[in-house]
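Heads up: the structure comes next, in structure tokens.
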Amino acid sequence: MNGHVKSMHFGQFMEPVTTLLSLLLLMAVDSTRIVAASRNQQCGNSLQQTLKLTRLIQKESVDLIKTYKASQGEMSELLCKVSVPIVPDPKISGMDTSEKIVSIYTHLQAFLPHLKRVYEQQTDLQLPTSPVLDGLTRVSAHSRNLAALINIFYQSLFPNVPIQEPAGGPTALPPPQNVFQQKVYGCVVLKTYKELLANVSKELRTLKNNKCKRI
Amino acid sequence: MESAGQMLMLAALMLTAHAGSQNYLLTFPHPKFVRVGSNFTATCVIINRTEVTADDLYWNLSETILPREHYSKINNSAISVTFTVTSDKPEWLFCLCRNPSPNIVLNQGLYMHGIYLQKGYAVQQPPGNLSCVALQENTYISGTITCEWRDSGPQTEQDPIIYTLHVRDMTQGNYTTTTKTKAQVSLGTYPNHMNLEIWVEAKNSLGMVESEHLKEEANWFVKTNPPSDISVISEKSFPTSLLLNWTLPIDKSYFRLMYRIRFTTEGANTWTDVPQEDTSQDIQSFRLQNLQPGTKYISQVSCKNARRGHGRWSDWSNNATKWTPEAPPRGKPDLWMTILGSPNANGQNVQIACKDPVHSNGRITMFSLMIKAHRVTNASTQLENTTEMISRSGDITVLKQVPIPDHQSTQVFLTAINSVGQSEKAFLGVPERGKERPSVEDLRVSSQDGRLLVEWRLPRSSEVSEFVVEWVGRGQMDWQKENKSTTRTHITGPLEPFVCYRVSVYVLRSGWSSKATSVEAFLKEGAPSEAPSVSLLGVPGHDGAHLVWTQIPPERSRGFISTYTIYYRTGDATRAVTVLGNSSSYKLTSLSPDTTYDTWITASTIAGSYKGSTHSFTTQKYAPGEIEGIVVGVSLGFLFFFLMIVLLCFYKKDVIRENFWPRIPDPGESTIKNWSPDYSLKADLPRESCVSGISVLDVDVCDGRSLFDEEKAGLPLKKDKFLSEEHSSGIGGSSCMSSPRQSVSDSDEGGDMADTTASTVQYSSVVASSGYKGQTPAQPTLFSRSESTQPLLDCEENPDTSAQEGSRQSQRCSRPTGNNLSPQGAALREELQPLDFCSLPEDAENNTPAEHQSAASASSYMPQLGGYRPQ
């Protein structure tokens, strides 16, 4: 009887303690999650924004290639199958995150002069109201914005290391070309740029999955 | 320190002013703008003049002299003024001189200087409620951002607030300026997925403030086009469902979209929204459920950025319309019948009508109607089974008009049919006429909140299934059914104002209808649109008139006629009488006789009145019987007067006789016959003084004019008279030459009376001698007087013939004596003959000699004269 009473007293004592401990544990876990969520939110917002813009440019580049091919007349399909060595390689290089982000940034910066050159060439070949020109304008503008976002993302990850500008001075552009060469050049630039964007998107998704979760 | 600085400024200004200006007064400062509400201080300085001091200066602001208590004298040649700027209009502040010296007066333009004050307000508050939007253009977002904001407070025309809208992202920025509160900024390419910072600067000469900075992702401001190509799919296997499909207005790479969907049935005024949680996902189709089968639905879709708080809802898409598949009708049709006209000897006609079942689940194409009539007397039952679709007016379908004879109850069964199936059977029973159960009590209908409120009290018998509220107006009938516990309800059907509705409430007991309890009501009363024309009942009276009019029927009165006001006017006086609205006649009283009245009537409701046409009538001059009274009165008066005359004549006959019929001496009774032959004429000779020897009976002596009148009356008679009188004058009492004239004067009353009078007055004879005394001086004048009272002539008894037979009468009358003419008489006649020319000197001129001869020869008084026997 007494034992039973003691047991009851003990039980009565243990019950609020257990509740309190549970509450404290819950609060600790929740605060941890809040901190993690906050960090992830920062990482996610920046990277998510970059990734969305990459997808948008990717989609726009796909549309632009279609529009471009449609505007170049006959043999447009063959134009993009020719190799043009002066166009940058779309592959992202680097071993770690920093190098990859820098590589992305460098490639984007490298393609901007090519896109500008294509725009200039197409200005001579197309009417001012041509959708090709509009598409090129948007892709170029969004590419500049993407480069800026990559830079900001890099700064958010490595605030003490400034991102390096492309080495070797200004991007090499092709010499004066005839119309066919211009058409081929333009299509190759757009096609290569699309591949670059695909690679960037892939890398950013990988970063999103790895980097932001770890943080 | 402040005054020292002011003095230095003064000195500097004086130097500069002296170099560049001819004015002897100088004011400062000259600010570009002055803030409204601030205190402004201006200073005026006298330059190189001694005849003017600071005491002579004064300030004038917009032609109003500023009070001196605002002045502050700096020294003998400078004065300042401080005042509060109140008006926001630009104005001049002048420093003027009031010294009256001739030099100043002549050079007044040099002794003044002004400051042009342009006003402005400090920017009081930052532009608020900044909101921006970027619209979709083709398949992408336009690079132009449109922003709106609230203004920053008052401003003046001289110093308006300039707003600058700034938009900036990571790589670029742009701005635009405006004086309005709306502006656009173009960024070339819209920076999707980039962060934007947008703000507005408000600036004028007196300050600058900034609005809050909107820092959001660019897609936060996007408003896309609505979803396009909305298609609705109806599937027969799902009659309560429709499937919506649409096309995304913008690619998913810009952002994910969320949607909102709404739908309604055709003709309905309200939309039903699909819950947001069902459409917040990235979808391109949605299935609407729990719809009514066989119903036409209209759907719309809208979209926005799915990210919470981002983007704006697009406009609604175009309507997507589709019918849901039909299903068998659910429930019963709403069956009702209304009595047409009044019951007659053969019974009554009723019209069977119905409404579709609440859930008709499609278009009702047909109604199956069965009427069962049961005659009580022989307990026979007649069945009439028809399937028909008659006419549809709105949601009411008129099925059939059937006569229901007396002593017969009727049962009606009805089912509604659509393309898929049929409804349950509705029943309505009409009991035998005269055996209906009682209806509700204390039925009241009133207008409330633009609707008609119907209230009643439950009948004593509680076996009530439901109530039917029926209303009829402008020939349109409608009804609604209420459950058995209802005692007040609003009429749900569309009602029009100013229309009289007859509202009836029936009680249904197990489907059998009761008697009706009815009242009339208006949803809203208005002033009547017409007024009755007043007319007279019969003929207007002497002081009254009976007016009648026809009451305005409720369907045209636009309200309950509360009163009729009768106006009647004569001249400028108008009087009015007000009677109740149920009156149709009125008797005007206290009217003036023989007066024209204009009368009209105004019909009044609680909302106003309307004046009817004017009718005029004239009251009679005399009251009925008044004329007859006057005639009778006059007649009685005349009769009384006549009787009085008669009585007077009767009682005064002697006097009358003496006056009108004087006693004439009868010659037969005259004593002349007793005269003695020996009577000495000489002794009886009249005195010489009576030259004429005439006894004057009338002063009208020798009146030739009278003679002329007599001639006009009857010349032949006159001739005889003259002749007669000439001769009778010898008989008459007058011996004057006018004695014959006397006889004529006596006959002035007329030809009829002439002889009578002549005969009656010829009671004397005159022997004229003295007038011709000169001719017969030797012969004395003879005069004799007859005392006879007898008429000399019996012709008075026959006056009608006297005129024609005057001559003969004279002869006849004189005949008794003519035959006895003695020689003395003949001699006397010869002496008297000249008398013929005495009294008628003018007559003699008018009469021809032959007539004289005739008259002379026809004289028959000679025998009478012979009565005078020679002396």
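In square angstrom and rounded to 100, what buried accessible area do you get between chains A and B, total over both, with the probe at 1.4 Å?
About 1300 Å² of accessible surface is lost on pairing.
Determine the order of B:MET337, B:MET366 by accessible area, beginning with the largest, at a probe radius of 1.4 Å.
B:MET366, B:MET337
Computing the accessible area with a 1.4 Å probe over protein heavy atoms, can you report the carbon and sulfur percentage for segment B:543-670?
Ligands and nucleic acids excluded, carbon and sulfur reach 60 percent.
Compute, for segment B:43-83, the length of the dipole vector about the Cα centre, with Cβ point charges of +1 (Lys, Arg) and -1 (Asp, Glu) only. Units Debye, rounded to 20.
Dipole magnitude for segment B:43-83 comes out near 120 debye.
Just in segment B:145-197: which GluC sites (Glu not before Pro) are loop by DSSP and have at most 16 other Cβ atoms within 10 Å?
Sites meeting the loop and neighbour criteria: B:GLU157.
Go through segment B:423-436 residue by residue and turn each phi into a ³J(HN,Hα) via Karplus (6.51, -1.76, 1.60, θ = phi - 60°); whole Hz please, and just put x for glycine and proline.
Couplings: 8, 6, 8, 9, 10, 9, x, 10, x, 4, 4, x, 10, 5 Hz.
In a shell of Cβ-Cβ distance under 11 Å around B:SER557, excluding B:SER557 itself, what net charge do Lys and Arg (+1) and Asp and Glu (-1) give?
Its environment carries a net charge of -2.
List the pairs from B:LYS32/B:LYS182; A:LYS116/A:LYS194; A:LYS194/B:LYS223 whose alpha-carbon separation is above 20 Å, in the order I gave them.
Exceeds cut-off: B:LYS32/B:LYS182; A:LYS194/B:LYS223.
Counting other Cβ atoms within 10 Å, keep those with at most 15, restrict to DSSP loop, and tell me which trypsin sites (Lys or Arg not before Pro) in segment B:146-186 are left.
Of the trypsin sites (Lys or Arg not before Pro), the ones in loops of segment B:146-186 whose Cβ has at most 15 other Cβ atoms within 10 Å are B:LYS180.
Around B:LEU523, with a cut-off of 14 angstrom between Cβ atoms, what is the net charge of the other residues, counting Lys and Arg +1 and Asp and Glu -1?
In short, -1.
Please compare each pair in A:LYS52/A:LYS81; A:LYS59/A:LYS202; B:LYS435/B:LYS481 to a cut-off of 26 Å on the Cα-Cα distance and tell me which ones are over it.
As for pairs spanning more than 26 Å Cα to Cα, those are A:LYS52/A:LYS81.
Using the heavy atoms of the protein chains and a 1.4 angstrom probe, tell me the accessible area per residue for segment B:251-310 in square angstrom.
Heavy-atom accessible area per residue stands at 51 Å².
What part of the accessible area of segment A:103-215, given as a whole %, is carbon or sulfur when the probe is 1.4 angstrom?
For segment A:103-215, the apolar C and S fraction of the accessible surface comes to 55 percent.
How big is the gap, in Å, between the Cα center of segment B:282-333 and the Cα center of segment A:132-194?
What the calculation gives is 46 Å, centre to centre.
For B:PHE650, A:PHE153, give the ranking by accessible area with the largest first, probe 1.4 Å.
Largest to smallest exposure gives the sequence B:PHE650, A:PHE153.
Over segment B:516-649, with the other protein chains present, what is the accessible area per residue in square angstrom, probe 1.4 angstrom?
56
I need the phi-derived Karplus couplings for segment B:194-206: 6.51 cos²θ - 1.76 cosθ + 1.60, θ = phi - 60°, integer Hz, Gly and Pro marked x.
Computed from phi, the couplings for segment B:194-206 are 9, 7, 10, 10, 10, 7, 10, 9, 10, 9, 9, 5, 9 Hz.
Once the whole set of protein chains is in place, how much accessible area is left on B:ASP273, using a 1.4 Å probe, in Å² to the nearest 10?
Number for this one is 100 Å².
How much of the accessible area of segment B:284-367, in percent, comes from carbon and sulfur atoms when a 1.4 Å probe is used?
Carbon-and-sulfur percentage of accessible area, whole number: 43.
What does the charge dipole of segment B:429-468 about its Cα centre add up to, to the nearest 20 debye, if the Cβ of each Lys and Arg holds +1 and the Cβ of each Asp and Glu holds -1?
120
Once the dipole of segment B:224-349 is set up with Lys and Arg at +1 and Asp and Glu at -1 on Cβ about the Cα centre, which of B:PHE286, B:LEU340, B:ASN319 lies farthest towards its positive end?
My answer, from the dipole projection, is B:PHE286.
Between segment B:539-598 and segment B:106-130, how far is it from one alpha carbon centroid to the other, in angstrom?
So the two Cα centres are separated by 74 Å.
Classify segment B:406-468 as rounded, prolate or oblate, taking a ≥ b ≥ c as the square roots of the eigenvalues of its Cα gyration tensor: rounded when a/c is under 1.5, otherwise prolate if a/b is larger than b/c and oblate if not.
oblate
Round to a whole angstrom and tell me the spacing of the C-alpha centers of segment B:434-466 and segment B:170-185.
Measuring centre to centre over Cα atoms gives 69 Å.
Can you sort B:ASP159, B:ASP406 by solvent-accessible area, 1.4 Å probe, largest first?
B:ASP406, B:ASP159
Using amide H atoms built 1.01 Å from N in the peptide plane, name the residues 5+ places from B:ASN361, or on other chains, whose amide H lies under 5 Å from its own.
Distant-sequence amide H within range of B:ASN361: B:ARG330.
Looking at segment A:141-158, which residues lose a minimum of 50 Å² of accessible area between their chain alone and all protein chains in place, measuring with a 1.4 Å probe and not counting ligands or nucleic acids?
Correct list: A:ASN145.
The values are calculated or read from the model by the stated rules, or taken from the named source; none is laboratory data. All of these numbers come straight from a predicted model, not from anything done at the bench. Neighbour counts are summed over all protein chains in view; Cβ atoms, including those assigned to glycine, are modelled from backbone coordinates with ideal geometry. We work out accessible area using only protein heavy atoms, side chains counted, and drop any ligands, DNA or RNA first. Shrake-Rupley method; radii C 1.70, N 1.55, O 1.52, S 1.80 Å.
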